[in-house]
Amino acid sequence: MKTKVKQEPFFTRMLGSDGAVSVLVVLLGFLVGTILVGVVGKNPLNMYKAIFQSLSGFNIDNGKMNVRYIGETLNYSVPFILCGFSMAFAARAGLFNIGGEGQYIMGLTVAQVIGLLGPTVPGLHWVVAIVGAMLIGALWGGLVGILKAKYEVSEVVSTIMLNYVALYLSRIICLQLPGATTYKTANYPDTALLSNRFFQTITNHSMLNNGFFLMLAAVVVYWFIMEKTNLGFGLRATGFNREAARCSGIPVVRSIAISMAIAGAFAGLAGGIVALGSFSYGRILAGMDNYGFNGIAVALVGNNTAIGTALAGFLFGMLKNAQALMQGKQIPKEITFIIQGLIVVFIALRSAIAIYLAWRNKRQLQKEVLAK
Amino acid sequence: MLVEHAIEMIGITKTFPGVVANDNVTLEVADREVHALLGENGAGKSTLMSILFGAYNADSGTIRIHGKEVDIKDPNVATDLGIGMVHQHFKLVHNYSVTENIVLGMEPKNRFGVLDIAQAEKRVAALSDTYGLSVDPSAMVEDITVGAQQRVEILKTLYRNANIIIFDEPTAVLTPQEIDELMEIIRRLKSEGKTIVLITHKLKEIKAVADRCTVLRRGKYIGTVDVPTVTEQHLAEMMVGRAVQFEIEKQPPTIGDVVLSIKNLSVADSSGHLKVKDLSVDVHQGEIVGIAGVDGNGQTELLYGLSGLSPVSGGTILLDGEDITHATIRRRIELGLGHIPEDRQKHGLVSDFTISENSVLKNYYIAPYSNKYGLLDHDRMDTDAEVLIEQFDIRAGRGAKTMAGSLSGGNQQKVIVAREIHLSPKVLLVAQPTRGLDVGAIEYIRQRIIAERDKGRAILLISFELDEIMNLCDRIATISKGSIVGIFGQHEVTEREIGLMMAGSKRSGGEV
Amino acid sequence: MAQQETIAEGGVGKMSTLIGMIPSILMIVSPILITAIGGMICEKSGVVNIALEGLMGIGACAAASAHVLMEAAGLGVPSIWLSLAIGALIGATFSIIHAVAAINLNADQTISGTGINLLADGVTIFAAQILFSADRTREFKMGMQTDALGIYPTAYIAIAVVAIAWFVLYKLPFGMHLRACGEHPHAADSVGINVKRIRYIAVLTSGLLAGLAGGCIVLTQTIQYTSNTINGRGFIALAAVSFGRWRPAGVTFAAFLFGTAQAFSIIANNFPSLRVLPTEVFNILPYVITLVALVVFSGKNYAPRANGKPYIKGAS
C-alpha cells in the first residue's frame, strides 16, 4: 500500500544531498577565514580580490588583464586533482590514504632521475619518465596496502612514516644526480619536458603543460574504473563492508593492495607532472610540496566522486595561485591552509547533519503519534 | 482486596526515527510476582523495559514504583529505586574480573580514594553465597562460561540492592539444563522477596515460572493473562494476532549421495584457541542435517571453516568429491557452496549497495553480469533482481534500486536467501536463518528451506533454537565443545536427550 | 643546526661516551613520551586522536611565541615555565574541536584529526606572520637550562606524567571508569557512568599533554618555531601507543626506542666513522624503525575494543 509522501521543505532536502553539503562546508570555511582575516586587522576584500585575479586574470585594482593567471590556476589544479584522486580512490575501498605526499615525492624523484638519465628520444623520453613515476607511486602505495591487509598495520601511521622516508630518500638520490647543487640539478634535455608551446602562447607564458591532458584522462579513468568495471565493483563492496565482501568471495587482501597501488599511481603521476611540467631542472626537496596532504581535503570536499574531486581540485589550485597575490596585499598566505583545514574539520558536519535529520524525523513522528 | 503494585507503567509512548516502539502501553506488575512480558521480535518489550531501567526516556506516560510516581531519567535513578536489569547482550567488560564488573560504578575505596578490590571481592563472595549464585570473584570475565557470565549480570543487580529485577531474553544462550537452573534461581529470588519481570518470546518458560503475562504486539498492549490457566496456543495467538501453526509440514526426505563430507575438522578462533575439534559429519542430497548446540561450542568457527572465512587447522572438507579444505572462498562458491550467514549485517549484505548489487555479490564478475573485458552490465543485474523480488515477495520501496540498508530485517534475509538459492548451490550452509524476524518471515524462510531440500539440495542447518532444529531437520547432530557427540534421526531423539548431549555426555545408539 | 650547538655546549668530553648520550636521548624522548601517554589516555577512553601532531605544533608555536615576547619584556626564568603552561593550555583548547566532532557529532575521528593537523599547519605560521611578520617565530635568546647532570627538567616532567597516568588509570575509580568507556561504553553507561564526559576529559588531557610536549621540544631543542619543528613526532608518538599495546610500561619502552633512533641522527655526527654517511640516512632511521616495529609487532588485538567508534546511546 503506497502512502502519500509529504514533500519535505527545500532546506531539509538540500541537507540530504552530499554535493550541497560540500558547497556549504566550503562556504563556511571561507566565512571563518574571512572573519579571521578581519579580526587580525587586515582587509578581507583583498583576499577575495586576489582569488578573483587568480581565477580570471583580471586585476580589479588597476583594471589590467593578464591571462597568465588563468593558465597558472589550471596548472596548479593538476597535482591537486590527481592527489585528490589518490585519496578518493583509496577511500572508496575503505582506506585512509594520507601517504599521497610520499607517493607524490617518489613519483617526482623517479621522473627527475629518468628525465636526466633516460633515453633522449623525442616522444619516448617523457613517456618513460611519466610511466616510471606512476609505477613507483603504485609500489609506494601498494606497500601500504599489503601492510594493512596482511599485517593489520594502520595505514594512518604507515603512510606518514613512508612520507618522511620518501622525502629523505629523494634527497639522497637526487644529490647524486648530474650537476646537483644543494637545491637543484642540471637542466633536463628537451625531450623530457612536458611543456606545450601552444599553451604557453595563449596563456602568456604560464607553466600550463601537457600534464593537463594527462589529468583529464585520469578523471575519465577514475570514473570508469569505479563505476563500470568488475574491479571497481569489488573495491566499492570492500570499502562499504569488508567482511561481507570477503564472505562473498571477493579477494579482499588483493583488492586492498590493488586499490592502494592505483591510488599511489595517481599521486606518483602528479609528482611526475610537476617535476617535468613546471620545472626545467630537478629539485633537491627541502620540504614537502604539500599537494599530497591537500589531496585529502580535495577528496573529502569532492566526496570521492570523479567530477566532485575535479572541481574541488580546481578550487584549491585557484587558492594556491592566489597565495602570492595575497602576500603582496599583506595577507599571510597561510590563510589558505587555515581555510583548507577548516573545510576538512567541517566535513565532520556531514554526520552531524545525519543526526539532525534523524532528530527531525523523530520529532515529526512523535507529534503524529501523540496527537492521536 | 488491594494488591500493591510494584510497578505501574501507564500510557507509555516511545518513538524512534521511523518507528513507534511503544504506543500508549500500560503494564502493571504486582509486588513479589514473576511477570512475563511476551511479544515477537520488534513488539516493543525491550524498549518498554529500557524505559523502566532509565536507558531511554519515554515521550509520554507515567511510571509509579510501589505507588509513588517517579521520573527515571537515567540508570542511576533506576538503581536508586531498586530496579536492576539483566541484559540480553551482557554488559560486561571482557578484560575486567568478575568483581571489577560487579562493582563498576560503585567501587569501594580506602580512605585515600584508592580502589579497594580486596574488600570488593569479599562482598561479592558474600552475595554469591546468600543467593546461591556461584562465581569465582577473581576470574576474568572473558574466561568464564556464558552461564557464569549471566550470574555475574544478576549479581550486579543484587550488589546494588535491587528488589525489582528485569530479565531480558535470558535463555537465548543457555542449554536446557542451564535454563532449568535459571528457572530455579528466579524462583529463589522470588522467595527472597524480589519482583521479577521476564522478557521473552519462549512460551515454555513462561508456563514454567511466571505468575501472569502481559502481551505486546507491534508496540501496542494486547492484554494480561493469568499464566497457570492459559494455554500456549492462546498465548501464541495473542502474540501474533492469528492462529499459529507450530508443526511444520514436510514430506519424508528423498536422500541421495553424500555431497558434503566433513572429516576430523579442526578450526581455531581468532585468538588461536581450537574451537572445532576433530569434527565429522556428512550431508546427503535432499536432506537437512541440523547442528544443535548452545552458542559458543564451535558452531561459528565451524561455519567459518566450511565457508572459508577462517583457515582450517586440520581435517578435510569434500564438496561433491572435490577437496575444498584450503580453497579460496570464491572457489568454494564456484564449486557450489551456498551460505546464508549467521550475521546478515556483517557477512550477508552490503547496506550501502542496492538490492540489485547485493544479489550479484558472488557472481558479478562472470557472464551475464560481466563481459570478457571486465565491464559490468548494470541493466541485466536490475532485471534479474526484479524477478527475484517478485518471486520471493520482497517488500522494497524502490524495487531493485532500493538500498539494502533500508529494508526490514525480514526482507533483508529474503534478499540473502533469494541470492543464494538463485545460485543453485549443491550444498547450502544455513546459520540462524530466522533470528530477529517476525513470525510471518520466519514461516516463509522455513518453507523455503524445505522447498530447497525437496529439490535435492544438501542443507546443513545451524541454529540455537532447539525447536527449529527439531522441527525442520531430518537428522540432528549435537555439537558440544567443538565436536559432534551424537547424530540421530529426527524422530529418534528427544529434546531432553539433546540437552544432555549439549552438556557433553554421549548417548548410546545412533551414529557418533 | 641549533640542536648540535646546544649539545656541543653541554660538554664535548661527555659526548664521546655512551653514558654521555643519555641526557640528549632523554631530551628527545621526553616530548614523544609525554605526547604518547596523552594519546594512550585518549584511546583508552575510546577516542582515536591523530591530531597529536598538530596539537604539538600549536603548543610549540604558542610556547615559543609567549617566551620570546616575555623574554623581551624582561621576565627572566619564570617565562620558561609560563610558556610551557601556555603551550599546554592552547593545546587543550584546540583539542576541544576534536572532542566536539568525535563525541558530540559522531564524526569520523580520522578525518577530524586530519583536519586539525591541516588547521594547525596554517594557524601556527599565520600567527607567526601576524606577530612577527615572518614564517617562523622570532628567535629567543635563552631556552630551558639543564641541571647539574646535563638533564633537562622535561625528563622529570615526563617521568611524572607516566607515574600520574598509571596511578589514575589503575588505582583510582575514575581510571577504571575511563578504561571501561574504551572497552565497552554500553556497559559503563548501564552502570551510570557518563561516557561522553569521561571521553571529553580524555581528549582534552591528550591535547594538554601534546601542547606541553610541543613546548618542551621548542624550549629544549631549538630556538624558534618553524613548520619543520615537529616533523612527524606526533605520529611517532601515535605509533608508540600502538606498539606499546596501550599500557604505560609498553608505551614508555616504545617512546624510548623511537626517541633513541631519532637521537642517533644527531649523536652520530660525533662518531667520525659514521660521518661518512649523508645526514639523510640518519634522518630516515626513526621512521624506518617505527615502521619495522609496527610490522613485526602489530598489536591490533590489544587496542581498546571500542576505540574509534562513536558512542551512540541504545544502539547495542
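FYI, it's all coordinate maths here, none of it is from the lab. Since the structure is predicted, the reported quantities are computational estimates derived from the model, not experimental observations. All Cβ positions, even for glycine, are placed from backbone atoms using ideal geometry, and neighbour counts span all protein chains on display.
Computed over the range B:5-240, the Cα gyration tensor eigenvalues convert (square root of 5λ each) into semi-axes of 30, 21, 16 Å, ordered from largest to smallest. Farthest towards the positive end of the charge dipole of the range C:2-302, among the residues C:Val251, C:Ile266, C:His184, is the Cα of C:His184, using unit charges on the Cβ of Lys, Arg, Asp and Glu. Taking 0.36 nm per residue of separation and subtracting the Cα-Cα distance, full extension of the segment from B:Asp352 to B:Glu386 would add 10.4 nm. What does the charge count near B:Gly410 come to, summing +1 for each Lys or Arg and -1 for each Asp or Glu among other residues with Cβ under 14 Å from its Cβ? Overall, the nearby charge balance is +3. Each part reduced to its alpha carbon centroid, the range B:14-60 and the range B:164-218 end up 16 Å apart. Amide H to amide H distances under 5 Å link B:Gly338 with B:Lys426, B:Val427, B:Leu428, B:Leu429, where only residues 5 or more positions off or on other chains count and H is placed in the peptide plane. Centre-to-centre separation between the Cα atoms of the range A:136-202 and those of the range B:329-396: 41 Å.
If R0 is taken as 45 Å, the Cβ-Cβ distance between A:Arg254 and A:Asp61 corresponds to a FRET efficiency of 0.20. When chain A is treated as a Gaussian network with alpha carbon springs shorter than 10 Å, the biggest mean-square fluctuation among A:Ser278, A:Ser195, A:Ser154 belongs to A:Ser154. Between the helical axis of A:155-174 and the longest alpha-carbon principal axis of chain A there is an angle of about 10 degrees. Projecting the Cα atoms of A:Ala354, A:Leu135, B:Phe112 onto the dipole axis of the protein assembly as shown, where Lys and Arg carry +1 and Asp and Glu carry -1 at the beta carbon, places A:Leu135 farthest toward the positive end.
Structural descriptor for chain A: relative contact order 32 percent, calculated from alpha carbon pairs under 8 angstrom and at least 6 residues apart. Would you mind counting up the charge near C:Ser227? Only other residues with Cβ under 10 Å from its Cβ, with Lys and Arg at +1 and Asp and Glu at -1. My count for the surroundings of C:Ser227 gives -2. The string of couplings for the range B:478-487 from the Karplus curve (6.51, -1.76, 1.60, θ = phi - 60°) is 10, 9, 9, 6, x, 10, 7, 9, x, 10 Hz, one whole number per residue in order, with x for Gly and Pro. Modelled spin-label separation between A:Ile202 and C:Val296, with each label point placed 7 Å from Cα along the Cα-to-Cβ direction: 5.8 nm.
Our coupling estimate for the range A:242-248, obtained by passing each phi through the Karplus curve with A = 6.51, B = -1.76, C = 1.60 and θ = phi - 60°, is 4, 5, 5, 4, 4, 5, 8 Hz, Gly and Pro reported as x.
Compute the distance from the alpha-carbon center of the range A:240-272 to that of the range B:409-450, in whole Å. Centre-to-centre distance over Cα atoms comes out at 32 Å. Taking every alpha-carbon pair under 8 Å whose residues sit at least 6 apart, the range A:107-266 reaches a relative contact order of 35 percent. Across the range B:320-475, Cα pairs under 8 Å and at least six residues apart give a relative contact order of 27 percent. If you take all other residues with their beta carbon under 13 Å from the beta carbon of A:Phe314, and give Lys and Arg +1 and Asp and Glu -1, the sum is 0. Distance between the pseudo-spin-label points of B:Glu334 and C:Val77 (7 Å out from Cα toward the beta carbon): 7.7 nm. For the range B:129-145, the residues whose amide N sits under 18 Å from a probe point set 7 Å from the Cα of B:Ala118 along the beta carbon direction are B:137-139. Placing +1 on the Cβ of every Lys and Arg and -1 on the Cβ of every Asp and Glu, with no other charges, gives the protein assembly as shown a dipole of roughly 2660 debye about its Cα centre. Can you tell me the orientation of helix C:233-243 relative to chain C, as the angle in degrees between its alpha-carbon axis and the longest Cα principal axis, to the nearest 10? Its long axis makes an angle of about 50 degrees. Largest GNM mean-square fluctuation across C:Phe126, C:Phe94, C:Phe258, computed for chain C with C-alpha springs under 10 Å, falls on C:Phe126.
Around the Cα centre of the range B:5-240, unit charges on the Cβ atoms of Lys, Arg, Asp and Glu (plus for the first two, minus for the last two) sum to a dipole of about 360 debye. Applying the criteria of a DSSP loop state and at most 13 other Cβ atoms within 10 Å to the trypsin sites (Lys or Arg not before Pro) of the range A:315-349 yields no site. Think of each Lys and Arg Cβ as +1 and each Asp and Glu Cβ as -1; about the Cα centre, that makes the dipole of chain C roughly 900 debye.
When the Cα positions of B:Ile196, B:Ala208, B:Leu182 are compared along the charge dipole of the range B:179-245, B:Ile196 comes out farthest toward the positive end, with charges on each C-beta of Lys, Arg, Asp and Glu.
Backbone geometry of the range B:190-207 corresponds, through the Karplus equation with coefficients 6.51, -1.76 and 1.60 at θ = phi - 60°, to 3J(HN,Hα) couplings of 4, 5, 7, x, 7, 9, 10, 10, 10, 8, 7, 10, 9, 5, 4, 6, 4, 5 Hz, x marking Gly and Pro.
Per the Kirkwood definition applied to all pairs of different Cα atoms, how many angstroms is the hydrodynamic radius of chain A?
Over chain A, the inverse of the mean reciprocal pair distance is 22.1 Å.
Temperature 4 °C, viscosity 1.567 mPa s: under these conditions the Stokes-Einstein estimate for the range B:351-424, based on its Kirkwood radius over C-alpha pairs, is 106 µm² per second. Computed from Cα atoms, the angle from the helix B:439-454 axis to the main principal axis of chain B rounds to 30 degrees. In the protein assembly as shown, the alpha-carbon atoms span a convex hull of 206 Å³ per residue. Take the Cα of B:Glu184, step 7 Å toward its Cβ, do the same at B:Asp269, and the gap between the two points is 2.7 nm. I want to verify a result. In a Gaussian network model of chain C, Cα cutoff 10 Å, which of these has the top mean-square fluctuation: C:Leu169, C:Leu212, C:Leu26? Most flexible of the set in this elastic network: C:Leu169.
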